[in-house]
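Working notes for the structure below.
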Amino acid sequence: MNRRALGEWGRVTALALIVFAVAGAAWGWWQPVTTGEVTDDLTAVTGLSGEDAPVTAFGMYVIVTGILGAALAGWMFAAARSLRGPVALLGAGVLSFLGSGVFLLFGGYVTSHFRATDLDGDLVAGQQVTLVADVGAGVGFLVAPAAAVLVYWACALFSSDRAFERSL
């Protein structure tokens, strides 16, 4: 692998992970939450609103990472001409998979540190609390890589042979 290709891979990797991290932090900031009020005996939270927040948060995670994976692959095909080929197709999938993890990591950090009420401290009866569900990615981890591979493959499929000529 020549220096130019190695530098291109570094640029693509850095940009991909930064974009996924920033988007994850934004998702964490605006992630739906459940709110309620502490009971008189301090053992439960009642009057919950936003009980479907975990489902909505997971849906948002899947949709946003899928869009980011597709955008990453399209950008890689268009901007990283020296990387075009089967290795870049796999690279788009791997970077999108890693990006999904980074997205969830940064989003979870922002949500738990800036949005959720600290339940370890002293609670008082009637206090309003904000509860944040831990979003487990599960099969959602596969959406971004699938979208990335599909978009990169489609770009390659519908491009002319000249798109794969290497300029030295």
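The values are calculated or read from the model by the stated rules, or taken from the named source; none is laboratory data. In this text, all values refer to a predicted model and were calculated from it rather than measured experimentally. Positions of Cβ are generated from backbone atoms using ideal geometry, with glycine treated the same way; all protein chains shown enter the neighbour counts. Surface accessibility is based on the protein's heavy atoms, side chains included, excluding ligands, DNA and RNA. Shrake-Rupley method; radii C 1.70, N 1.55, O 1.52, S 1.80 Å.
Name the residue that is nearest to Val143 (Cα to Cα), counting only residues in the stretch 49-62 that are open to solvent by 50 Å² or more (accessible area, probe 1.4 Å) and touching a residue at least 40 places away in the same chain (Cβ under 8 Å).
Phe58
Determine whether Arg115 is over 16 Å from Gly140 (Cα atoms) and either open to solvent by less than 40 Å² (accessible area, probe 1.4 Å) or more than 23 Å from the chain's Cα centre (by Cα) (or both).
So Arg115 fails the test.
Which pairs do you get when a residue that is closer than 16 Å to Glu37 by Cβ and touching a residue at least 12 places away in the same chain (Cβ under 8 Å), found in the stretch 121-141, comes within reach of a residue that is assigned to a loop (DSSP other than H, G, I, E, B) and of a type in the set (S, T, N, Q), reach meaning Cβ atoms under 7 angstrom, with the pair 6+ apart or on two chains?
These pairs meet every condition: Ala125/Thr39; Val129/Thr117; Thr130/Thr117.
Kindly list the number of the only condition in (1) buried (at least 22 other Cβ atoms within 10 Å of the Cβ); (2) of a type in the set (S, T, N, Q); (3) not in a helix (DSSP H, G or I) that fails for Thr130.
Here Thr130 clears every test but (1).
Would you check which residues across the stretch 22-45 are out of contact with any Leu (no Cβ under 8 Å at 6 or more places or on another chain), among the hydrophobic types (A, V, I, L, M, F, W, C) and surrounded by 13 or more Cβ atoms within 10 Å (Cβ to Cβ) and list them?
Within the stretch 22-45, Val22, Ala25, Ala26, Trp27, Trp30 qualify.
Is it the case, given these coordinates, that Gly101 is of a type in the set (Gly, Ala, Ser), outside any helix (DSSP H, G or I) and free of Cβ contacts under 8 Å to residues at least 60 places away in the same chain?
Against the criterion (of a type in the set (Gly, Ala, Ser), outside any helix (DSSP H, G or I) and free of Cβ contacts under 8 Å to residues at least 60 places away in the same chain), Gly101 does not qualify.
Do you know which of the residues in the stretch 134-168 that are modelled with pLDDT of 90 or more and among the β-branched types (Val, Ile, Thr) is nearest to the chain's Cα centre (by Cα)?
My answer is Val143.
State all residues of the stretch 135-145 that are in a helix (DSSP H, G or I) and surrounded by fewer than 16 Cβ atoms within 10 Å (Cβ to Cβ); if no residue qualifies, say none.
Across the stretch 135-145, the qualifying residues are Gly138, Val139.
Can you tell me which residue among Gly36, Gly69, Gly74, Gly28 is touching a Phe, Trp or Tyr at 6+ places or on another chain (Cβ under 9 Å), touching a residue at least 24 places away in the same chain (Cβ under 8 Å) and more than 20 Å from Ala147 (Cα to Cα)?
The conditions single out Gly28.
Test Leu15 against the criterion of being open to solvent by less than 50 Å² (accessible area, probe 1.4 Å), part of a helix (DSSP H, G or I) and at negative phi, and give yes or no.
No.
Scanning for something among the hydroxyl-bearing types (Ser, Thr, Tyr) and touching a Gly at 6+ places or on another chain (Cβ under 9 Å), does the stretch 112-123 turn up at least one residue?
Looking through the stretch 112-123, at least one residue is among the hydroxyl-bearing types (Ser, Thr, Tyr) and touching a Gly at 6+ places or on another chain (Cβ under 9 Å).
Within the stretch 83-96, identify whether any single residue is touching a helix residue (DSSP H, G or I) at 6+ places or on another chain (Cβ under 9 Å), surrounded by 19 or more Cβ atoms within 10 Å (Cβ to Cβ) and basic (Lys, Arg), and answer yes or no.
Looking for residues that are touching a helix residue (DSSP H, G or I) at 6+ places or on another chain (Cβ under 9 Å), surrounded by 19 or more Cβ atoms within 10 Å (Cβ to Cβ) and basic (Lys, Arg), one finds at least one in the stretch 83-96, hence yes.
Consider the stretch 32-81. How many of its residues are in a strand (DSSP E or B) and hydrophobic (A, V, I, L, M, F, W, C)?
Residues that pass the stated criteria total 3.
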